[in-house]
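Visitor: Here's a structure for you.
The values are calculated or read from the model by the stated rules, or taken from the named source; none is laboratory data. Predicted, not measured: the structure shown is a model, and the values here were computed from it. Don't worry about glycine lacking a Cβ; one is built from the backbone with ideal geometry, like all the others, and counts go over all protein chains shown. All accessible areas refer to the heavy atoms of the entire protein, side chains included, with ligands and DNA or RNA removed. Shrake-Rupley method; radii C 1.70, N 1.55, O 1.52, S 1.80 Å.
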Amino acid sequence: MENNRKTVGLALGSGSDRGIAHIGVIQTLLKNNIPIDYISGTSIGSIIGAYYALFLEVDSLEQIVRCITKRKLVNIFSFGLFKENSILNNKKFFNLIKYELFSGLSFENTKIPLRIPATNLDNGEKVVFKEGKILDAVLSSISIPGVLPVVKIGKADLVDGGLVDAIPVDLLQEFKPDIIIAVDLYNYELKPKDNYKISDVLKRSYNIFMSNLSKNSLDENDNNCIVIKPDMENEIGKLSFKDVDKKIQAGVLSTELKIEEIKKLLG
C-alpha cells in the first residue's frame, strides 16, 4: 500500500439490472482517486465486482453492457417453460458472460482480492467463493430462484447470493479494511397506492423483503462504513436492461454526494 495509506473495501449489493449503477459508483470513486483494495459483490454486484477485480477498470464493461442492452431480452434469455427448475434458461446468458467477460478466468487472475456469496439451496447456508472459476461464482450468485436455473457446483445446489448476503460487507472483514463503502440498490421510499393489483402486491412484497435484507447487511453504528444509495426508485421491480445512462448516472450522483465524507475518512 502507498505510504501505509488507509485501505478501502467495496461491497456491491444485489438488485438485478439496477446494478448497472455500480459502474457509475466505481467510475466516480476512481475519478476522485479513491482506492479500491478489496471488493465483494452479490448477484449483479458479483459481475461488476469480478470485472473490476480482474481488470481494475469498468469503462470497457460499460461498453459491453451498452452492446448487450441493444439486444432484445429474448436474445439474452430464453424461456425454460418450467421443464427444469426455472422460468428462464440461461444458456445464452452463460455464453455471453463466458465469452465476453470471464472466459477461462479464475480468482487467481484477479488483481485485488474478490469475494462472491451464493446461497446453498440444500441447507440455506451461505457459500463464499474465493477460488476457482469466476464464471461458476457469478452464475451461482445471480441465479434468481425460480427465474434462472439452479447452479450445481460439486454436490451443492446454488442460487442467488442476495438471499443470504444482500450487501456483502461481512465478506470484506477478513481483510480488515480501514474503510468500507457499501452500495445499497434497494433504497427507496414506499408510497401508498389507492388500489393494489396482484402484480403490485407481489412486486412490493418482494421489494420490502429485499430492502430489509439489505438493511440487515449493514451496521448503522459503524462510522467507518459509508453507504451509497443510488436513487433507483423508478427502477424497482424491473428487469428491463434498459436506460443504461440513467442507471449509471444514478451511481455517479449518489457517489459524488459521499466523496467528501470518504476523503475525510481516508485522511
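Visitor: Is one or more of the residues making up segment 163-177 touching a helix residue (DSSP H, G or I) at 6+ places or on another chain (Cβ under 9 Å) and farther than 28 Å from ILE228 by Cβ?
Guide: So far as segment 163-177 goes, no, none of its residues is touching a helix residue (DSSP H, G or I) at 6+ places or on another chain (Cβ under 9 Å) and farther than 28 Å from ILE228 by Cβ.
Visitor: Could you grab the pairs with beta carbons closer than 8 Å, sequence gap of 6+ or different chains, first residue in segment 126-138 and under 17 Å from SER103 (Cβ atoms) and outside any strand (DSSP E or B), second one open to solvent by 40 Å² or more (accessible area, probe 1.4 Å) and of a type in the set (Val, Ile, Thr)?
Guide: Hits for this filter: ASP136/ILE153.
Visitor: Restricting attention to segment 156-177, and to residues there that are open to solvent by 60 Å² or more (accessible area, probe 1.4 Å) and assigned to a helix (DSSP H, G or I), which single residue is nearest to ILE144 (Cα to Cα)?
Guide: LEU163
Visitor: How many residues are under 17 Å from TYR52 (Cα atoms) and either out of contact with any Leu (no Cβ under 9 Å at 6 or more places or on another chain) or not hydroxyl-bearing (Ser, Thr, Tyr) (or both) when one looks only at segment 107-124?
Guide: Qualifying residue count, segment 107-124: 10.
Visitor: Just to be sure I understand the filter: pairs with C-beta atoms under 7 Å, separated by 6 or more residues or on different chains, first member in segment 141-155 and without any contact (Cβ under 8 Å) to a residue 60 or more places away in the chain and crowded, with 17+ Cβ neighbours inside 10 Å, second member among the acidic types (Asp, Glu) and not in a loop (DSSP other than H, G, I, E, B). Which pairs pass?
Guide: ILE153/ASP136
Visitor: Here's something else I'd like to know. So, in segment 32-57, of the ones that are hydroxyl-bearing (Ser, Thr, Tyr) and under 18 Å from TYR186 (Cα atoms), which residue ends up modelled with the lowest pLDDT?
Guide: Taking the candidates together, the pick is SER43.
Visitor: Might you let me know whether segment 189-203 holds any residue that is open to solvent by less than 40 Å² (accessible area, probe 1.4 Å) and within 16 Å of the chain's Cα centre (by Cα)?
Guide: Looking through segment 189-203, none of the residues is open to solvent by less than 40 Å² (accessible area, probe 1.4 Å) and within 16 Å of the chain's Cα centre (by Cα).
Visitor: Quick one: in segment 210-230, of everything that is exposed (fewer than 13 other Cβ atoms within 10 Å of the Cβ) and either without any contact (Cβ under 8 Å) to a residue 12 or more places away in the chain or basic (Lys, Arg) (or both), which residue is nearest to LEU163 (Cα to Cα)?
Guide: Ranking the candidates gives ASN212 first.
Visitor: Now for a separate question. Read through the list (1) in a helix (DSSP H, G or I); (2) at pLDDT below 95, then give the number of the only condition that SER254 fails.
Guide: Unmet condition: (2).
Visitor: If you don't mind, another one. Just one of ASP59, ASP17 is within 13 Å of the chain's Cα centre (by Cα) and acidic (Asp, Glu); which is it?
Guide: One residue alone meets the criteria, ASP17.
Visitor: Tell me whether segment 213-229 contains one or more residues that are assigned to a loop (DSSP other than H, G, I, E, B) and of a type in the set (Gly, Ala, Ser).
Guide: Checking segment 213-229: at least one residue is assigned to a loop (DSSP other than H, G, I, E, B) and of a type in the set (Gly, Ala, Ser).
Visitor: Do we find that ILE180 is under 26 Å from LEU253 (Cβ atoms), modelled with pLDDT of 95 or more and either crowded, with 22+ Cβ neighbours inside 10 Å or charged (D, E, K, R) (or both) in this structure?
Guide: For ILE180, the condition - under 26 Å from LEU253 (Cβ atoms), modelled with pLDDT of 95 or more and either crowded, with 22+ Cβ neighbours inside 10 Å or charged (D, E, K, R) (or both) - is met.
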